[in-house]
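**Student:** Okay, here's the structure, questions in a sec.
The values are calculated or read from the model by the stated rules, or taken from the named source; none is laboratory data. Since we're looking at a predicted model, the values are computed, not measured. Here Cβ is always computed from backbone atoms with ideal geometry, including for glycine, and neighbour counts include all displayed protein chains. Areas reflect the complete protein model, heavy atoms only, side chains present, ligands, DNA and RNA absent. Shrake-Rupley method; radii C 1.70, N 1.55, O 1.52, S 1.80 Å.
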Amino acid sequence: MSALPKSLQDNPALGRWIALDPPGRVTLWPGKVELGQGVLTALAQIAAEALALPLGRVALAPADTARSPNEGFTAGSLSMEVTGAAVALACSQARAALLDAAAARLGCDAARLSTEDGAILRDGAPSGLDLWTVAGDVDWGQPVRGDAAAPWRTGRVLGTGAPRADLAERLAAPGYIHDLAPPGLIHARILRQPHRLARLARLDEDVLARRHPGVEALRRGDFLALLAEDEEAVRRAQEDAGRFAAWEDGPAWRPQAGAPLTLTAGPAAPEPPEATNALSVEYARGPIAHASIAPSCAVAQWAGEALTVWTHSQGVFPLRDQIARVLGLPAGRVRAVHVPGAGCYGHNGADDAALDAALVARERPGRPVRVQWSREDELSRAPFGAPQSARVEAALGPDGRVERWRM
């Protein structure tokens, strides 16, 4: 197991990754999400190659904490290195297991079997079986071992151009998180504190009712949401919030006193020999906003004893765990399902919007709640890239080789 990708070590069951359902299709269940980088298309190509199937036979399921393998965050350019390897091994073993099941039915050696577009051939001739008819004979709970040979580099799929699997939905149907509109939807906007630790001093619901009929205020401590069935009405109320809500400074935040920090200096490093072609450069940047083309959004619904959240988060499992912690629920009672949002390269406010929606949905059980951040929310409350500065020093020696490098 130590030689397997971490995703397989954490999620070893074969059926966690792949399902032959519906007939004629193979559904791949990766734990990574599409953020605009085209990773789902690449994973589908790997699966098709390992299964010796046309790419059109492979469907990608969204990351879903109720079904997908837990692969943490989609970040750090690790999807192909880790998930790509896991998908290749899982699909190779699935193909071998399916051929073994067919061989048992046909009473022949599996080495005599091959496939063509999912049909199983014996000695190159149709056997009357296909991958889907024998899928029920396979133990999908078996762990992926990583020892199954795959028909790699056939040139059928890998190394060829393929259309992005996710773009058709984006172009032909309402496929973004912002487009979700289940029946009975409540629209919500959150009134933000003007600064950290500010307290909600006044909420005049009579003024709100007169100026914005049909808009309801939901207050829990200093958390204040505006709710309505009309999205435009709740947006106008948010912009008018200064007329019916007021904030005051909260208690000043002070760091906790702790043990004094002691720094011990070691011996000074010797001065390097004089070098030619020395260079010293400083680079700096300020805070950088993610500034997504579309502000963050989420939909949540409390039904029975469980909460479902639809989100464009980069990590549905970590998000599920955090929401469960905030709400005081077992993780098993919270389900997070990925729905694509605007392209993401960096940390946006998707997780924060999801928690907003979860908090409101808890107070309105049975009704789906949609929280849409405003552009002001996104540029003031979403995570920012931290400011950084760096000094780089380098020098070449007389032989032209790097003699000194420090940063």
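**Student:** Do we find a residue being in contact with a Leu (Cβ under 7 Å, 6 or more places away or on another chain), under 25 Å from CYS344 (Cβ atoms), open to solvent by 10 Å² or more (accessible area, probe 1.4 Å) and not polar (S, T, N, Q) anywhere in the range 73-82? Before the answer, list the steps.
**Tutor:** In the first step, residues of the range 73-82 are kept if they are in contact with a Leu (Cβ under 7 Å, 6 or more places away or on another chain); the result is 74.
In the following step, the residues that additionally are under 25 Å from CYS344 (Cβ atoms) were identified as 74.
Narrowing the set further to residues that are open to solvent by 10 Å² or more (accessible area, probe 1.4 Å) leaves none.
Checking the range 73-82: not a single residue is in contact with a Leu (Cβ under 7 Å, 6 or more places away or on another chain), under 25 Å from CYS344 (Cβ atoms), open to solvent by 10 Å² or more (accessible area, probe 1.4 Å) and not polar (S, T, N, Q).
Residues are listed down the side, and each one gets a yes or a no for (1) surrounded by fewer than 16 Cβ atoms within 10 Å (Cβ to Cβ); (2) under 21 Å from PRO295 (Cα atoms); (3) among the aliphatic types (A, V, I, L, M):
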| position | (1), (2), (3) |
| --- | --- |
| ARG145 | yes, no, no |
| ARG156 | yes, no, no |
| THR160 | yes, no, no |
| ALA173 | yes, yes, yes |
| HIS178 | no, yes, no |
| ARG189 | no, yes, no |
| LEU200 | no, no, yes |
| LEU208 | no, no, yes |
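**Student:** Another question, if that's okay. Only one of SER380, SER389, SER374 is open to solvent by 40 Å² or more (accessible area, probe 1.4 Å) and closer than 27 Å to GLU216 by Cβ; which?
**Tutor:** On the way: SER389 fails: closer than 27 Å to GLU216 by Cβ; SER374 fails: open to solvent by 40 Å² or more (accessible area, probe 1.4 Å).
Going through SER380, SER389, SER374 in turn, the sole match is SER380.
**Student:** Next up: Does GLY141 satisfy the criteria of being without any contact (Cβ under 8 Å) to a residue 60 or more places away in the chain, among the small types (Gly, Ala, Ser) and open to solvent by 50 Å² or more (accessible area, probe 1.4 Å)? Step through it out loud before you land on a result.
**Tutor:** Working: without any contact (Cβ under 8 Å) to a residue 60 or more places away in the chain: no; among the small types (Gly, Ala, Ser): yes; open to solvent by 50 Å² or more (accessible area, probe 1.4 Å): yes.
No: the conditions fail for GLY141.
**Student:** Evaluate the following for GLU49: is it buried (at least 22 other Cβ atoms within 10 Å of the Cβ) and either within 13 Å of PRO30 (Cβ to Cβ) or modelled with pLDDT under 95 (or both)?
**Tutor:** Values: buried (at least 22 other Cβ atoms within 10 Å of the Cβ): yes; either within 13 Å of PRO30 (Cβ to Cβ) or modelled with pLDDT under 95 (or both): yes.
For GLU49, the condition - buried (at least 22 other Cβ atoms within 10 Å of the Cβ) and either within 13 Å of PRO30 (Cβ to Cβ) or modelled with pLDDT under 95 (or both) - is met.
**Student:** Please tell me if GLU49 is under 21 Å from GLY159 (Cβ atoms) and of a type in the set (Asp, Glu). Full working, then the answer.
**Tutor:** Numbers: under 21 Å from GLY159 (Cβ atoms): yes; of a type in the set (Asp, Glu): yes.
Taking the combined requirement at face value, the residue satisfies it.
**Student:** Right, next: Search the range 98-154 for residues being within 20 Å of ALA19 (Cβ to Cβ) and among the β-branched types (Val, Ile, Thr), and hand back the single one that is nearest to the chain's Cα centre (by Cα).
**Tutor:** The residue in question is VAL144.
**Student:** Counting only residues that are among the aromatic types (Phe, Trp, Tyr), give me the helices (runs of 4 or more DSSP H) lying completely in the range 291-407 with at least 2 of them. Even if it seems obvious, please write down each step before you answer.
**Tutor:** Numbers: elements: 316-327, 350-363, 375-381.
Answer list for the range 291-407: none.
**Student:** If ALA353 satisfies every condition in (1) at pLDDT 95 or above; (2) within 19 Å of ASP222 (Cα to Cα); (3) touching a helix residue (DSSP H, G or I) at 6+ places or on another chain (Cβ under 7 Å) but one, which is the exception?
**Tutor:** (3)
**Student:** Could you tell me whether any residue of the range 10-24 is without any contact (Cβ under 8 Å) to a residue 24 or more places away in the chain and part of a helix (DSSP H, G or I)?
**Tutor:** No, the conditions are met nowhere in the range 10-24.
**Student:** Within the range 200-221, can you find the residues that are charged (D, E, K, R), under 33 Å from the mean Cα position of the chain (by Cα) and within 23 Å of PRO251 (Cα to Cα)? Step through it out loud before you land on a result.
**Tutor:** Of the range 200-221, the ones charged (D, E, K, R) are 202, 204-206, 210-211, 216, 219-220.
With under 33 Å from the mean Cα position of the chain (by Cα) added as a condition, the list becomes 216, 219-220.
Correct list: ARG219, ARG220.
**Student:** Within 12 Å of the chain's Cα centre (by Cα), more than 15 Å from LEU158 (Cβ to Cβ), of a type in the set (Ser, Thr, Tyr) and not in a helix (DSSP H, G or I): does that describe THR27?
**Tutor:** In short, no.
**Student:** Kindly indicate whether any position in the range 87-110 is part of a loop (DSSP other than H, G, I, E, B), acidic (Asp, Glu) and surrounded by fewer than 21 Cβ atoms within 10 Å (Cβ to Cβ).
**Tutor:** yes
**Student:** Can you name every residue in the range 260-288 that is of a type in the set (A, V, I, L, M, F, W, C) and at pLDDT below 55?
**Tutor:** The initial filter retains those residues of the range 260-288 that are of a type in the set (A, V, I, L, M, F, W, C), namely 261, 263, 265, 268-269, 275, 278-279, 281, 284, 288.
If the condition is that a residue be of a type in the set (A, V, I, L, M, F, W, C) and at pLDDT below 55, then LEU261, LEU263, ALA265, ALA268, ALA269, ALA275 are the ones that fit.
**Student:** Can you confirm whether the range 306-322 contains a residue that is in contact (Cβ under 8 Å) with a residue 60 or more places away in the chain, open to solvent by 40 Å² or more (accessible area, probe 1.4 Å), hydrophobic (A, V, I, L, M, F, W, C) and under 24 Å from LEU227 (Cα atoms)?
**Tutor:** Yes, there is a match, as at least one residue in the range 306-322 is in contact (Cβ under 8 Å) with a residue 60 or more places away in the chain, open to solvent by 40 Å² or more (accessible area, probe 1.4 Å), hydrophobic (A, V, I, L, M, F, W, C) and under 24 Å from LEU227 (Cα atoms).
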